[in-house]
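Trainee: Please see the structure below; I have some questions.
The values are calculated or read from the model by the stated rules, or taken from the named source; none is laboratory data. Just so it is clear, the model here is predicted, and its values are computed rather than measured. When we count neighbours, we look across all protein chains shown, and the Cβ atoms used for this are built from the backbone with ideal geometry, even at glycine. Only protein heavy atoms, including side chains, enter the accessible area calculation; ligands, DNA and RNA are left aside. Shrake-Rupley method; radii C 1.70, N 1.55, O 1.52, S 1.80 Å.
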Amino acid sequence: RLSAVVAVAAAIITAAILVPFSLGGGRTTPPQAIPVQEKVVIPLSATTAGEAIGFGAATGRAIARQDTASGSWEITLTVAHLKHHDPAPWYECWYVSRTGQVASAGTFLVGPSGSRTFSMTSAADPHDFSKMEITLQSPTSNGALGGTVILSGRPL
């Protein structure tokens, strides 16, 4: 009888050790972390200069998400209450760094409604280029930051 009890006890102890390993409980390396896609929200409001030329109701919002594979930033920009111009002047989206460096995120037009949502891609990290500006560019623009800054904002 004693040997039967010892055999049952040994079987229970063996099962208690082996079953968790077979279910992955004995893993010695941690599971791979799933990369978290960072999101930066930038609310945009009319500047004093924008208000002075009739853009007081203009608003916008940019949501930037980093593409973990390429490192670039995918930006969804929504603007409202801008004036319709076609084909010129046009609007341009800029990132501005704390030290005054600028990087264009692209140009755009709005339809007669004055509103639009669209996507852009930029290599500019919104942590380094922490201010976004929307300018009204003239046809004589040379590609540098210029024109009147209509909307401006910083990440939340």
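Trainee: Just for the stretch 63-108: of the residues that are of a type in the set (Phe, Trp, Tyr) and closer than 13 Å to residue 150 by Cβ, which one is most open to solvent (accessible area, probe 1.4 Å)? Quick ask: steps written out before the conclusion?
Mentor: Quick first cut of the stretch 63-108, residues of a type in the set (Phe, Trp, Tyr) only: 73, 90-91, 94-95, 108.
Now narrow it down to the ones that are closer than 13 Å to residue 150 by Cβ: 90-91, 94, 108.
Numbers: 90: 61, 91: 2, 94: 7, 108: 8 Å².
So the residue we want is 90.
Trainee: Now for a separate question. Tell me, please, whether a residue that is open to solvent by 30 Å² or more (accessible area, probe 1.4 Å) and without any contact (Cβ under 8 Å) to a residue 24 or more places away in the chain can be found in the stretch 114-131. Lay out the reasoning, then the answer.
Mentor: To start, the set of residues in the stretch 114-131 that are open to solvent by 30 Å² or more (accessible area, probe 1.4 Å) comprises 115-117, 119, 121, 123, 125, 127-129, 131.
Then drop every residue that is not without any contact (Cβ under 8 Å) to a residue 24 or more places away in the chain, which leaves none.
Checked against the condition, which is being open to solvent by 30 Å² or more (accessible area, probe 1.4 Å) and without any contact (Cβ under 8 Å) to a residue 24 or more places away in the chain, the stretch 114-131 yields no hits at all.
Trainee: Restricting the search to the stretch 63-77, which residues are in contact (Cβ under 8 Å) with a residue 24 or more places away in the chain, small (Gly, Ala, Ser) and not in a strand (DSSP E or B)?
Mentor: Correct list: 71, 72.
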